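J.: Sharing a structure here in structure tokens format.
Throughout, read-outs are computed from the coordinates displayed, never taken from laboratory work. Bear in mind the structure is a predicted one, so any value in this text is a computation, not a measurement. Here the Cβ is made from the backbone with ideal geometry for all residues, glycine too, and neighbour counts use every protein chain on show.
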Amino acid sequence: MSLTPARFFPLPDLQVVPEAFAGIEVHGIARGFVCIDALVKKARSRICLAATVTPGKFLILIDGSVAEVEESLLEAERLAGDKLIDRFFLPFAHEQLERGVFGPMADPGAEALGVVECSTSCAGIRSADAALKAAMVKLNVIHLSAGIGGKCYFAFSGDLFDVEASIQAAAESIGQDRLLGTEVIPNPHPEFIAALGISPV
């Protein structure tokens with residue numbers, strides 16, 4: 001028997017964005033399974049992603065109503081105990097965020113590009129929400145843990161002053177213990193964008 005990670009792909013024309021988006025990272029696959037079971041028994045949250053991520057962590061992402069998601073997350077945290085690595089809870093997350101997590105990468109064009117690197121997926125999603133809410137920027141890509149040692153990075157584009165404001169908001173939202181680095185590329189070269197595998201959408 002195989003356990004296939006649950007995945008949710010929002011449609012591009014999704015009219016109703018879930019009220020809340022949340023996640024939890026735990027040490028150990030077995031404890032991750034326990035947390036999944038507990039959170040869905042506790043409240044009617046939807047599992048968006050349940051998967052192993054490097055290095056040997058388990059990442060769970062859920063969405064739904066604010067009350068249901070909060071109740072599920074608290075129960076998962078309780079069961080995670082000393083295996084808890086990180087978590088996030090975002091009532092009324094930015095509308096680009098969940099689509100960005102599960103959708104394709106987006107071409108920034110000639111706009112400035114901001115890049116934020118974090119030590120956990122939860123910190124990355126938390127700070128991406130802050131960046132998107134701080135200024136008029138477009139989320140281009142967010143990469144969660146797989147193949148990069150459990151870290152997370154995301155990139156967003158816009159006018160230079162907007163990107164700089166969003167970089168500051170992202171950094172302030174997670175603190176120095178989770179922040180690994182930030183960069184601003186004022187005028188990304190098309191060959192650089194192509195090398196990243198980002199294509200127009």
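J.: Given the Cα-Cα distance of Asp37 and Glu183 and 0.36 nm per residue of separation, how much length would full extension add, in nm?
T.: Working: separation 146, 0.36 × 146 = 52.56 nm, distance 3.89 nm.
Once the chain is fully extended between Asp37 and Glu183, it gains 48.7 nm.
J.: Also, quick follow-up: Classify the range 16-150: rounded, prolate or oblate, from the alpha-carbon gyration tensor (a ≥ b ≥ c, eigenvalue square roots; a/c under 1.5 rounded; otherwise prolate if a/b is larger than b/c)?
T.: Oblate is the answer for the range 16-150, as a/c is 1.5 or above yet b/c matches or exceeds a/b.
J.: Also, I was wondering about something else. Which value in nm describes the separation of the simple spin-label points at Leu160 and Phe192, placed 7 Å from the Cα toward the beta carbon?
T.: Going from the Leu160 label point to the Phe192 one covers 1.3 nm.
J.: Compute the Cα gyration tensor for the range 61-112, then decide on rounded, prolate or oblate, letting a ≥ b ≥ c be the square roots of its eigenvalues: rounded whenever a/c is under 1.5, prolate when a/b is larger than b/c in the other cases, and oblate in all that remain.
T.: Prolate shape, in that a/c is at least 1.5 and a/b is the bigger ratio.
J.: Do the sum for the chain: with -39,500 (n - 2.57) for every DSSP H run of n ≥ 4, divided by all residues, what is the mean residue ellipticity at 222 nm, to the nearest 500 deg cm²/dmol? List each step's numbers first, then the result.
T.: On the way: 6 runs with 72 residues, N = 201.
Result for the chain, helices only: -11000 deg cm²/dmol.
J.: If you don't mind, another one. Grab the Cα-Cα distance for Met136 and Glu19, subtract it from 0.36 nm times how many residues apart they are, and report the gain in nm with one decimal.
T.: Numbers: separation 117, 0.36 × 117 = 42.12 nm, distance 2.10 nm.
Between Met136 and Glu19, full extension yields an extra 40.0 nm.
J.: In whole percent, what relative contact order does the chain give with Cα contacts below 8 Å and a gap of six or more residues?
T.: Working: 447 pairs, mean separation 43.3, N = 201.
It comes to 22 percent, rounded to a whole number.
J.: Which peptide among 163-173, 85-95 comes first, and what is the full order, when sorted by highest mean count of other Cβ atoms within 10 Å? Mind showing how you got there, number by number?
T.: Numbers: 163-173: 20.7, 85-95: 18.9.
Per-residue mean Cβ counts within 10 Å order the peptides as 163-173, 85-95.
J.: For the peptides 73-84, 54-65, what is the packing order when you average, over each peptide's residues, the other Cβ atoms within 10 Å and list the highest mean first?
T.: Details: 73-84: 17.6, 54-65: 20.2.
My ranking of the peptides, most packed first, is 54-65, 73-84.
J.: Given a cut-off of under 8 Å on Cα pairs at least six residues apart, what relative contact order in percent is computed for the range 96-195?
T.: Details: 208 pairs, mean separation 39.1, N = 100.
The value is 39 percent.
J.: Starting from 0.36 nm per residue, how many nanometres of slack lie between Ala146 and Ala30 once their C-alpha separation is accounted for? Show your work: numbers first, answer last.
T.: Numbers: separation 116, 0.36 × 116 = 41.76 nm, distance 1.84 nm.
My answer for the length gained is 39.9 nm.
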